[in-house]
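Working notes for the structure below.
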Amino acid sequence: MAITGGCLCKAVRYSFAAEPAWARTCWCRVCQYQGGGNGTVNAAFPRESLTAQGELSVREMTADSGNTMKRHFCPKCGTPVFVESSGRPTTITVRVGTLDDPSAVKPTSTIWTRAAPTWACFDETLPKVEAQP
Ligand SMILES: [Zn+2]
Ligand SMILES: [Zn+2]
């Protein structure tokens with residue numbers, strides 16, 4: 001079954017025909033800006049499984065991991081939607097909060113825990129990685 005989602009204002013809509021390769025919570029500093037204080041939850045899908053409509057703005061930067069990251073966001077409502085990494089050219093990562101059903105994908109690990117604030121809450125049932133796996 002396709003996994004669908006989009007931005008807050010509905011200008012951007014997408015659908016993935018495949019299941020995610022992985023999903024994880026990231027507490028890197030960039031994700032804390034994107035998540036408004038929390039980490040973000042991200043799911044990686046095969047790039048060819050993505051169909052998307054609507055204009056996206058792209059911001060390119062170098063991540064803590066050293067990879068070049070392209071962050072795609074809706075220019076109308078500002079919602080972060082996709083992330084592409086030079087380290088993973090065949091996958092595209094989606095912010096799980098933009099799924100129509102965010103429960104459809106569950107994170108299975110937590111990464112960049114060493115960058116998290118002292119008050120961060122981790123799911124202690126999931127493996128933790130201090131930095132980029
Ligand atoms: Zn939007
Ligand atoms: Zn991150």
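The values are calculated or read from the model by the stated rules, or taken from the named source; none is laboratory data. Everything numeric here is computed off the predicted structure, so don't read it as measured data. Heads up, the Cβs are rebuilt from the backbone with ideal geometry, glycines too, and the neighbour counts pull from every protein chain shown. The accessibility values were calculated without ligands, DNA or RNA, using every heavy atom of the protein model including side chains. Shrake-Rupley method; radii C 1.70, N 1.55, O 1.52, S 1.80 Å.
Check off (1) open to solvent by less than 80 Å² (accessible area, probe 1.4 Å); (2) without any contact (Cβ under 8 Å) to a residue 12 or more places away in the chain; (3) over 14 Å from R95 (Cα atoms) for G36 and give me the number that stays unchecked.
G36 satisfies all of (1) open to solvent by less than 80 Å² (accessible area, probe 1.4 Å); (2) without any contact (Cβ under 8 Å) to a residue 12 or more places away in the chain; (3) over 14 Å from R95 (Cα atoms) except (3).
Among the listed residues A43, A21, A17, which satisfies the condition of being within 17 Å of T110 (Cα to Cα), touching a residue at least 24 places away in the same chain (Cβ under 8 Å), in contact with a strand residue (DSSP E or B) (Cβ under 9 Å, 6 or more places away or on another chain) and open to solvent by 40 Å² or more (accessible area, probe 1.4 Å)?
Only one candidate passes the filter, namely A21.
Quick check, is G66 in contact with a Pro (Cβ under 9 Å, 6 or more places away or on another chain) and surrounded by fewer than 15 Cβ atoms within 10 Å (Cβ to Cβ)? Step through it out loud before you land on a result.
Numbers: in contact with a Pro (Cβ under 9 Å, 6 or more places away or on another chain): no; surrounded by fewer than 15 Cβ atoms within 10 Å (Cβ to Cβ): yes.
Answer is no for this residue.
Scan E60, E55 and give me the residue that is open to solvent by 60 Å² or more (accessible area, probe 1.4 Å), closer than 22 Å to Q132 by Cβ and among the charged types (D, E, K, R).
E60
Would you confirm, using the coordinates I've provided, whether A120 is modelled with pLDDT of 95 or more and crowded, with 19+ Cβ neighbours inside 10 Å?
no
Could you count how many residues in region 83-127 are under 17 Å from G35 (Cβ atoms) and in a strand (DSSP E or B)?
Qualifying residue count, region 83-127: 7.
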